[in-house]
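First up is the structure itself, then whatever we jot down about it.
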Amino acid sequence: MASSTAKPFVFPGLPISQSLLPIPADPKRSLKLGAGVQHVPPSTITATSPGILRIDDKKNVVWVENNHRRYVSYPGDLVIATVLRSAAEQFFLQICPHSPTVLLNHLSFENVSRKTRPQLNTGATVYARVLSVDKHLETELVCFNPSTGKADGLGELKGGMLFDISPGMSRRLLLQKSKEQGGIAILDILAEKLNFELAVGLNGRLWIDGSTVRETMAIGKAIQEIDQGALDIEKQRKLAGRLLREIGKG
Amino acid sequence: MTDRRRVNGPTGGTTPVVFDPELVKNFAASVSKPIRTRAARELRKIFLQTGLTPSASGSAYFEVEQHPSHSHGLARSSTLKITCTVHGPRPLPRSSSFTPNMLLTTTVKFAPFAASQRRGYIRDNAERDLAVHLETAIRGVIMNDRWPKSGLDVVITILEGEDDSWWDTGLSTMSSGGQTPFGMMSILSGCITAASTAIVDAGIDCVDIVTGGVAALVKKSELATGNSNLELVLDPCPSEHDEIVACCVVGYLKARDELTEVWMRGDVSLTPQVGVGGQSEVDSLINGAVQAASAYHAVIVSSIKK
């Protein structure tokens, strides 16, 4: 992913020096600005939100990554949303408390037609992908992969429990190599002894369905503890051992 | 069924606090009022922390250090303690009309115990005035076209505000003459700094970080000699000075070198003066306030870095 080794901290108003910007392989390719950076004509780029400056040389992108409580949606993000109400064509969902509602079309599921549209009641939990974000329109979600038409694990989350974590923690959990890059080892350790299903939303929500309520609670609390206490891998191992002993599977 | 027609006292009963007038008189004679011990261009240290309110999208706590010789006991001088929470950007209620930009709402409220004179729970004119000043100061930095049809609430609670008088026993150092007290100026400066930190903590896109700063022209003491009897001090504490002639607070953007807010009060001249480095008093006041504001910028950056 990000190729830079040094992680410069930026804050609003700070001009980003040319040397930090990615060097494109093709000089004709224009630089893409992601979240938290702004172009000030003619050729200055300044940060607009605080965080770590991330650079992707391959894609020629620069953006600011931060760990705020507030989630800002971007196309392609996986989120866990709650159904508020259903309208004629779509569901109205909420990703975060006190944030604008988002849309999920009735036909944005795997294998549905007008006749077999899914029935989601108020309060149902849905695992979905952000399709489009526009400041003037409502954000739209989908529950299937548009290129293959398959659900890929998206859809309604039945049973289980929701836990609140920080958006930064959910980003770590969703990394391909969450142990090496994100420093998360607890899931691998627990998966050796317990059976559970887990879905991570980048909006700072975590859905867990264990075989018993007790196990579900224990896993959720452990991940919240790792998030708040910033536990390293060694401490996570100890925590997992303690947790398994308490459940009686140690 | 409780009595809903009358306002009844607390069921437990309370003991009124008694201040012995003799004690107060003796005490007043025994302690002296605080005197500014730091240099004219030296600021008081501030404490700034973000993320204290978990439910808000951004929050900050701001505190100014106590006068070293009056930091405890009966003769404790007042300082500044401010909390700020930022809620949003969030959707506006259905009844409101369309706005292409984010609506900014600022609320400034003194806690009832914030000053020697108790405040009511309903916002008074001084608080509303502060809120308007604060809004102009932070409106310019937020990129509010990124969130149409949304609102942003900035809520400030002043837990302790600076009094113009020191230790409310008629030892009042100056009369504000029914005008806004000079203490309000440093309160506004603190509010700007706290609000800006909370907005940055909320991750709301800003063109820069705005900081507040205050400078004042004060009458020099009798002993000091010089051509002018006025002196420019940064970050004035009103109770430490015999007479403040003029005071200025600015909202300053350091990276862009711009001002979003200037509030000046008092008796100042526009003609260049010899005593204050060939500048006019107005210019030297604004420059002083800018100097104070830019010093706080580093504190904000280090507090959001954590």
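Coordinate-derived values only; no laboratory data. In this text the structure is predicted, and so the values were computed from the model without any measurement. Cβ coordinates were reconstructed from backbone atoms using ideal geometry, including for glycine residues, and neighbour counts include every protein chain displayed.
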Need one value for A:60-73: mean number of C-beta atoms belonging to other chains within 10 Å of its residues' C-beta atoms.
3
Out of A:Pro15, A:Gln94, A:Tyr127, whose Cα points farthest toward the positive end of the dipole of chain A (charges: +1 Lys, Arg; -1 Asp, Glu; placed on Cβ)?
A:Pro15
Which FRET efficiency value, to the nearest 0.05, is calculated for B:Arg5 and B:Phe113 with the Förster distance at 35 angstrom and r the Cβ-Cβ distance?
0.75
Kindly identify region A:103-250 as rounded, prolate or oblate by the Cα gyration tensor criterion: order the square roots of the eigenvalues as a ≥ b ≥ c, call it rounded if a/c is under 1.5, otherwise compare a/b with b/c, prolate if a/b is larger, else oblate.
prolate
Net charge near A:Trp207: determine it from the other residues with C-beta under 13 Å of the C-beta of A:Trp207, scoring Lys and Arg +1 and Asp and Glu -1.
-2
In vacuum, with every alpha carbon of region B:38-305 counted as one equal point scatterer, what does the Debye formula give for log10 I(q)/I(0) at q = 0.12 Å⁻¹? Two decimals, please.
-0.72
When chain A is treated as a Gaussian network with springs between alpha carbons less than 10 Å apart, the largest mean-square fluctuation among A:Pro27, A:Pro97, A:Pro50 is found at A:Pro27
Return, for the Cα atoms of the protein assembly as shown, the radius of gyration and Dmax in Å, separated by a comma.
28.5, 93
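Relative contact order for chain A using alpha-carbon pairs under 8 Å, separation at least 6, rounded to a whole percent? Spell out each step's value before the answer.
Details: 466 pairs, mean separation 35.2, N = 250.
Here the relative contact order equals 14 percent.
Using C-alpha positions alone, give me the convex hull volume of chain A per residue in cubic angstrom.
On the way: hull volume 40.3 nm³, N = 250.
Convex hull of Cα atoms, per residue: 161 Å³.
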With r defined as the distance between the Cβ atoms of A:Lys193 and A:Lys238 and R0 fixed at 22 Å, what FRET efficiency is calculated, to the nearest 0.05?
0.90
Loop only per DSSP, at most 13 neighbouring Cβ atoms within 10 Å: give me the trypsin sites (Lys or Arg not before Pro) in region A:164-250, ordered by residue number.
A:Lys177, A:Lys249
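Taking region A:9-65, how much of its Cα-Cα pair set, in percent, is spaced more than 17 angstrom apart? Please list the in-between numbers first.
Values: 462 of 1596 pairs.
When every Cα pair of region A:9-65 is considered, 29 percent fall beyond 17 Å.
Calculate, for B:Leu23 and A:Thr122, the FRET efficiency according to 1/(1 + (r/R0)^6) with r their C-beta to C-beta distance and R0 56 Å; round to the nearest 0.05. Display every interim value, and only then the final one.
Details: r = 65 Å, r/R0 = 1.16.
It comes out at approximately 0.30.
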Largest to smallest principal axis extent of the C-alpha atoms in region A:78-157, angstrom
32, 25, 22
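Restrict the search to region B:76-140; then list the chymotrypsin sites (Phe, Trp or Tyr not before Pro) that DSSP places in a loop and that have at most 13 other Cβ atoms within 10 Å of their Cβ. Don't jump to the answer; show the numbers that get you there.
Values: sites: B:Phe98, B:Phe110, B:Phe113, B:Tyr121; in loops: B:Phe98, B:Phe113, B:Tyr121.
In loop regions of region B:76-140 (DSSP not H, G, I, E or B), the sparsely surrounded chymotrypsin sites (Phe, Trp or Tyr not before Pro) are B:Phe98, B:Phe113, B:Tyr121.
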At q = 0.17, 0.20, 0.24, 0.28 Å⁻¹, base-10 log of I(q)/I(0) for region A:182-250 (Debye sum, equal scatterers on each alpha carbon)
-0.56, -0.79, -1.16, -1.51
